[in-house]
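Data first, discussion second: the structure below is written as structure tokens.
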Protein chains: 2
Amino acid sequence: MGVVLSFEDSEERRASIEPLLKVTAAGMAEVNRIAVEKTGSDVKLIPEVARYLIDSGGKRLRPMLTIAAAQACDAPADAAVKLATAVEFMHTATLFHDDVVDESNTRRGKQTARLVWGNQESVLVGDFLLGQAFKMMVEVGSLEALDVLSTAACTIAEGEVLQLGTAKNTDTTEDEYLDVIRGKTAALFSAAAEVGPILAGSDRSVRAAFRSYGANLGIAFQLIDDALDYGGTSAQLGKNVGDDFREGKVTLPIVLAYRRGTADDRAFWQRSLIEGSIEEGDLERAISLLDRTKAIADTIERARHYGAMATDALAWLPESASKSALLEAVRFSIERAH
Amino acid sequence: MGVVLSFEDSEERRASIEPLLKVTAAGMAEVNRIAVEKTGSDVKLIPEVARYLIDSGGKRLRPMLTIAAAQACDAPADAAVKLATAVEFMHTATLFHDDVVDESNTRRGKQTARLVWGNQESVLVGDFLLGQAFKMMVEVGSLEALDVLSTAACTIAEGEVLQLGTAKNTDTTEDEYLDVIRGKTAALFSAAAEVGPILAGSDRSVRAAFRSYGANLGIAFQLIDDALDYGGTSAQLGKNVGDDFREGKVTLPIVLAYRRGTADDRAFWQRSLIEGSIEEGDLERAISLLDRTKAIADTIERARHYGAMATDALAWLPESASKSALLEAVRFSIERAH
């Protein structure tokens with residue numbers, strides 16, 4: 001009985017990203033060093049534009065996954081650091097391209113690069129980073145890692161193209177939306193985690209465990225981001241709340257609220273989110289509809305399901321500080337929403 | 001407050017399959033009549049073998065989905081009945097083939113057809129039923145319905161082939177197991193539900209809603225079947241409990257218990273389930289390990305997630321007795337486990 005209680009205690013302790021930051025600190029210092037080195041170019045505009053986004057304070061969760069997964073499997077640290085940098089470059093490249101495709105004006109609280117330097121520059125610097133990412137992978141020399149990461153690059157692009165079709169479409173089903181985020185988010189999380197065991201020469205089942213961990217964490221992470229864009233369960237209007245709403249993005253909270261709502265609700269979503277005719281008080285009304293239909297609470301509940309899958313994927317692997325940090329990162333990703 | 005309470009009351013009322021049986025009664029009577037007609041053949045063995053399984057008391061959930069979905073969309077009843085029969089024939093064909101592939105000796109409490117008449121006969125009668133299914137689809141004449149059902153036939157076969165690789169492999173991840181049941185179970189549920197709106201000429205979004213409903217109900221249904229094979233949450237040793245265990249099937253309860261268990265547990269699963277060296281008391285031990293690792297409870301929890309997706313897929317469609325029956329069937333499928 002005492003054991004059960006202490007187990008539940010630890011379940012209820014609030015999760016933190018600190019353990020992951022701690023176990024990957026040395027590796028991430030190297031990633032940052034290499035990132036500066038690899039954005040160097042005689043074409044002066046390239047380092048300027050590239051570092052504008054790289055230095056703008058992203059969470060760098062993806063390269064941390066690569067480093068922690070590699071450590072959990074005893075992979076060579078230098079190769080892991082290079083692939084982690086490649087993963088972060090791939091992610092940064094997609095951000096440059098997304099901002100152009102979505103015509104976004106701000107990212108991470110700053111003007112987007114496309115506004116500062118232009119769309120063409122943003123597309124091309126993204127391509128440069130993708131090229132550098134592949135060069136680093138080739139330096140590492142693992143054909144299996146190259147295969148996994150280049151497949152992810154294709155899947156990400158497919159997910160983005162798919163999203164062009166769902167972005168302005170309230171008919172989108174939950175399954176279709178999941179296909180989009182499997183592509184645009186989960187694919188890189190999955191590849192980031194899988195290249196660790198690949199470098200270690202781990203067997204198929206360990207690779208599959210990390211692949212599954214990464215993919216499901218990626219889905220959970222994206223769903224919580226979607227919920228947070230409407231303020232999470234606290235629904236406080238913070239400075240970033242409502243970006244998806246204003247950009248007309250059909251995310252899971254919208255899919256659920258639209259399907260569960262009344263005809264009036266659906267007319268509201270159609271006018272505001274889809275047609276972009278947003279009036280004073282519309283964001284507040286959107287949040288109130290999301291609340292009434294339990295769409296935010298259930299988006300978090302869905303995220304919890306994928307989090308549980310991620311956790312179970314790693315359960316049978318040997319205990320280590322890196323494994324614990326990866327598991328706590330799952331809980332942290334979900335608890336962010338509260 | 002009163003409204004909230006009455007909503008929760010209805011949520012807690014035990015779900016029943018009766019509404020689905022009732023709304024599909026007339027259509028299913030026709031399905032049964034056509035099934036007898038279409039198993040007729042001058043080759044005397046064919047009706048004998050085919051009806052042995054068709055008349056053996058399956059739940060006929062799949063053709064009921066086709067009929068109820070067609071009714072919910074106002075599709076022509078005669079075409080729906082033919083496609084429903086085709087769906088049931090496709091399902092029956094896979095059962096004949098599965099019993100041969102799995103070398104099963106009993107199904108639905110009776111000797112399998114392969115034991116009564118032989119393996120070759122079972123394979124060929126399955127092929128005959130598949131042929132009849134396609135002939136009925138051609139009679140209906142909808143190329144879109146033919147496309148959906150023939151794609152499902154391929155996907156089912158792919159799922160079965162995939163299962164050959166996972167059946168005896170405790171390394172199977174939850175994602176890999178989901179791929180198997182997406183093929184072997186969800187594909188036909190999904191197609192069965194989607195052909196209703198296709199016959200009605202409903203638009204893309206309605207088709208997508210029923211497709212998603214069927215696929216997610218299929219996953220939930222299969223996961224609950226997996227849990228029931230170990231007695232569900234009640235863990236009473238009924239007459240069918242333990243079939244999957246004795247056949248060495250790695251289902252989701254096993255995936256979870258294996259990953260969450262100790263090294264001793266894993267050695268037990270390896271010896272008993274994988275190597276098939278089953279000793280007195282092993283099934284009881286298996287059930288106790290599944291209980292200790294919460295594998296059955298969490299399999300049901302996972303099923304609940306897919307059930308919620310199925311329910312939300314249909315939420316926005318106009319109310320009707322058929323829609324209500326389809327929604328209650330989701331809850332019924334899950335509550336079976338308790």
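The values are calculated or read from the model by the stated rules, or taken from the named source; none is laboratory data. Bear in mind the structure is a predicted one, so any value in this text is a computation, not a measurement. When we count neighbours, we look across all protein chains shown, and the Cβ atoms used for this are built from the backbone with ideal geometry, even at glycine.
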Count - residues of region A:119-129 that are under 15 Å from A:Asp99 (Cβ atoms) and buried (at least 19 other Cβ atoms within 10 Å of the Cβ): 4
Given the conditions (1) farther than 21 Å from B:Arg207 by Cα; (2) of a type outside the set (Asp, Glu); (3) touching a helix residue (DSSP H, G or I) at 6+ places or on another chain (Cβ under 8 Å), which single one is not true for B:Gly109? (3)
Criterion first (surrounded by fewer than 24 Cβ atoms within 10 Å (Cβ to Cβ), farther than 30 Å from B:Ser288 by Cβ and not hydrophobic (A, V, I, L, M, F, W, C)) does B:Ser190 satisfy it? no
Given the options B:Ala267, B:Ala192, name the one that is small (Gly, Ala, Ser) and touching a residue at least 60 places away in the same chain (Cβ under 8 Å). B:Ala192
Please go through region B:29-83 and give me each residue that is more than 18 Å from the chain's Cα centre (by Cα) and among the charged types (D, E, K, R), ordered by number. B:Glu30, B:Arg33, B:Glu37, B:Lys38, B:Asp42, B:Lys44, B:Glu48, B:Arg51, B:Asp74, B:Asp78, B:Lys82
So how many residues does region B:315-325 have that are more than 8 Å from chain A (Cβ to nearest Cβ) and either part of a helix (DSSP H, G or I) or surrounded by 19 or more Cβ atoms within 10 Å (Cβ to Cβ) (or both)? 6
Answer residue from region B:130-165, given it is β-branched (Val, Ile, Thr) and surrounded by fewer than 18 Cβ atoms within 10 Å (Cβ to Cβ) and is nearest to B:Leu95 (Cα to Cα) among those: B:Val161
Quick check, is B:Lys168 away from chain A (no Cβ under 14 Å), surrounded by fewer than 24 Cβ atoms within 10 Å (Cβ to Cβ), more than 18 Å from B:Glu335 (Cα to Cα) and among the basic types (Lys, Arg)? no
Residues that are within 11 Å of chain B (Cβ to nearest Cβ), in contact with an Asp or Glu (Cβ under 9 Å, 6 or more places away or on another chain) and either within 16 Å of A:Leu65 (Cβ to Cβ) or modelled with pLDDT of 95 or more (or both): does region A:216-229 have at least one? yes
Is region A:278-286 home to any residue that is charged (D, E, K, R), surrounded by fewer than 23 Cβ atoms within 10 Å (Cβ to Cβ) and within 11 Å of chain B (Cβ to nearest Cβ)? no
Scan region B:67-88 and give yes if some residue there is modelled with pLDDT of 95 or more, over 17 Å from B:Val36 (Cα atoms) and of a type in the set (Val, Ile, Thr), otherwise no. yes
Condition test on B:Ala257, is it part of a helix (DSSP H, G or I), within 13 Å of another protein chain (Cβ to nearest Cβ) and surrounded by fewer than 20 Cβ atoms within 10 Å (Cβ to Cβ)? no
Exactly one of (1) among the hydroxyl-bearing types (Ser, Thr, Tyr); (2) in contact with a Gly (Cβ under 8 Å, 6 or more places away or on another chain); (3) more than 14 Å from chain B (Cβ to nearest Cβ) is unmet by A:Thr293. Its number? (3)
Quick check: anything in region B:260-279 touching a His at 6+ places or on another chain (Cβ under 8 Å) and of a type outside the set (Gly, Ala, Ser)? no
From B:Ile156, B:Ile198, which residue is modelled with pLDDT under 95, in contact with a Lys or Arg (Cβ under 7 Å, 6 or more places away or on another chain) and more than 30 Å from B:Phe268 (Cα to Cα)? B:Ile156
Pick from region A:240-254, criterion of a type outside the set (Val, Ile, Thr) and in a loop (DSSP other than H, G, I, E, B), ranking: nearest to A:Gln111 (Cα to Cα): A:Asn240
Extreme residue, nearest to the other protein chains (Cβ to nearest Cβ), among residues of region A:183-203 that are polar (S, T, N, Q) and within 14 Å of A:Ala152 (Cβ to Cβ): A:Ser190
Given the criterion surrounded by fewer than 19 Cβ atoms within 10 Å (Cβ to Cβ) and either part of a helix (DSSP H, G or I) or acidic (Asp, Glu) (or both), identify the matching residue among B:Arg211, B:Arg182, B:Arg266. B:Arg266
Of the residues B:Leu20, B:Leu83, B:Leu53, only one is within 16 Å of B:Met137 (Cβ to Cβ) and surrounded by 20 or more Cβ atoms within 10 Å (Cβ to Cβ); which? B:Leu83
Pick out the one residue from B:Val241, B:Val180, B:Val206 that is closer than 30 Å to B:Gly281 by Cα, within 14 Å of another protein chain (Cβ to nearest Cβ) and among the β-branched types (Val, Ile, Thr). B:Val180
Are there helices (runs of 4 or more DSSP H) fully within region B:60-149 with at least 1 residues that are farther than 18 Å from B:Thr24 by Cβ and without any contact (Cβ under 8 Å) to a residue 24 or more places away in the chain? List them. B:77-101, B:113-116, B:119-140
Would you pick out the residues in region A:326-338 that are assigned to a helix (DSSP H, G or I) and under 14 Å from A:Gly232 (Cβ atoms)? A:Phe332, A:Ser333, A:Ile334, A:Glu335
Give just the number: which of (1) away from every other protein chain (no Cβ under 13 Å); (2) among the hydroxyl-bearing types (Ser, Thr, Tyr); (3) under 25 Å from A:Ala215 (Cβ atoms); (4) surrounded by fewer than 23 Cβ atoms within 10 Å (Cβ to Cβ) does A:Thr311 not satisfy? (1)
Conditions (1) in contact with a Ser or Thr (Cβ under 6 Å, 6 or more places away or on another chain); (2) closer than 22 Å to A:Lys168 by Cβ; number of the one not met by A:Ala313: (2)
Pairs where the first residue, in region B:210-226, is touching a residue at least 60 places away in the same chain (Cβ under 8 Å) and under 14 Å from B:Thr251 (Cβ atoms) and the second is of a type in the set (Lys, Arg) and part of a helix (DSSP H, G or I), C-beta under 6 Å, 6+ apart: B:Leu223/B:Arg302
Could you grab me the full set of residues in region A:42-59 that are more than 27 Å from A:Val148 (Cβ to Cβ) and assigned to a loop (DSSP other than H, G, I, E, B)? A:Asp42, A:Val43, A:Lys44, A:Asp55, A:Ser56, A:Gly57
